[in-house]
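Some notes on the structure that comes next.
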């Protein structure tokens, strides 16, 4: 099984998969995530300035260490969707999907004709032409994941229609931006936010697609798994690094060495 298929294979089998958000241009973090036991990484291009060379290096690190790599692009109309897929991404995560029209635009860019408009390329995934290219488009369409992020009230209201759209493989509830959208910024465990996330997961279960989730507090994982979410984005590289450095700094100061 290729690294690109690791995540999809686990999800299709009903097995949970653990992911790490990647915001830093450091392939070593991807390698460490693989050693730690993660199943996939999610490279963030929405809130970062990662360039193409950095993304290619992160994708290559995921491939050689056996991890699937999703990429969160800036929006449903981003030209980077094609580039990331051609570079070997296992799938695309699209933020701020508020309507079926938003999701349809993402599908058009992720899928080949006749479902979409993804351009043909015999690059890395086509072994630079050393394969049966006529079969390649069917295989890649079947392998590639498209995950729509639901981050506002319109998105939650339209989630069932988005989930039923041909070409959408999963939904990811964005609790942080949803909390801001309803006037409760960063209150990701407010009852209204939790209820909206549960509703999105339920929609996925009813539509037969995959539910992704980002735990926000201790104890969230058990609830999310019970609700049916299997793609668990358990941590982010910057947060892990900050917490580890903070603990280390406090530990040596508490030992008396700084007195």
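Suppose the filter is surrounded by fewer than 18 Cβ atoms within 10 Å (Cβ to Cβ), within 22 Å of residue 152 (Cβ to Cβ), over 18 Å from the mean Cα position of the chain (by Cα) and at pLDDT 95 or above; does residue 247 pass it? Let's see the steps before the verdict.
Details: surrounded by fewer than 18 Cβ atoms within 10 Å (Cβ to Cβ): yes; within 22 Å of residue 152 (Cβ to Cβ): no; over 18 Å from the mean Cα position of the chain (by Cα): yes; at pLDDT 95 or above: yes.
When the stated conditions are applied, residue 247 does not pass them.
Residue by residue, here is whether (1) touching a strand residue (DSSP E or B) at 6+ places or on another chain (Cβ under 9 Å); (2) buried (at least 16 other Cβ atoms within 10 Å of the Cβ) holds:
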| residue | (1), (2) |
| --- | --- |
| 186 | no, no |
| 196 | yes, yes |
| 204 | yes, yes |
| 213 | yes, yes |
| 223 | no, yes |
| 232 | yes, yes |
| 236 | yes, yes |
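Go through (1) surrounded by fewer than 15 Cβ atoms within 10 Å (Cβ to Cβ); (2) at negative phi; (3) more than 20 Å from the chain's Cα centre (by Cα) and name the single condition residue 217 misses.
(3) is the only condition that residue 217 fails.
Identify, please: which residue in the range 113-132 is in contact with a helix residue (DSSP H, G or I) (Cβ under 8 Å, 6 or more places away or on another chain) and in a helix (DSSP H, G or I) and is, among those, farthest from residue 167 (Cα to Cα)?
Here the answer is 124.
Any residue in the range 8-26 that is without any contact (Cβ under 8 Å) to a residue 24 or more places away in the chain sitting within a Cβ distance under 8 Å of a residue that is surrounded by fewer than 19 Cβ atoms within 10 Å (Cβ to Cβ) and in a loop (DSSP other than H, G, I, E, B)? List the pairs, counting only those 6 or more apart or interchain.
Pairs that qualify, where the first residue is without any contact (Cβ under 8 Å) to a residue 24 or more places away in the chain and the partner is surrounded by fewer than 19 Cβ atoms within 10 Å (Cβ to Cβ) and in a loop (DSSP other than H, G, I, E, B), are 9/1.
The values are calculated or read from the model by the stated rules, or taken from the named source; none is laboratory data. Since the structure is predicted, the reported quantities are computational estimates derived from the model, not experimental observations. We place every Cβ from the backbone using ideal geometry, glycine too, and count neighbours over all the protein chains shown.
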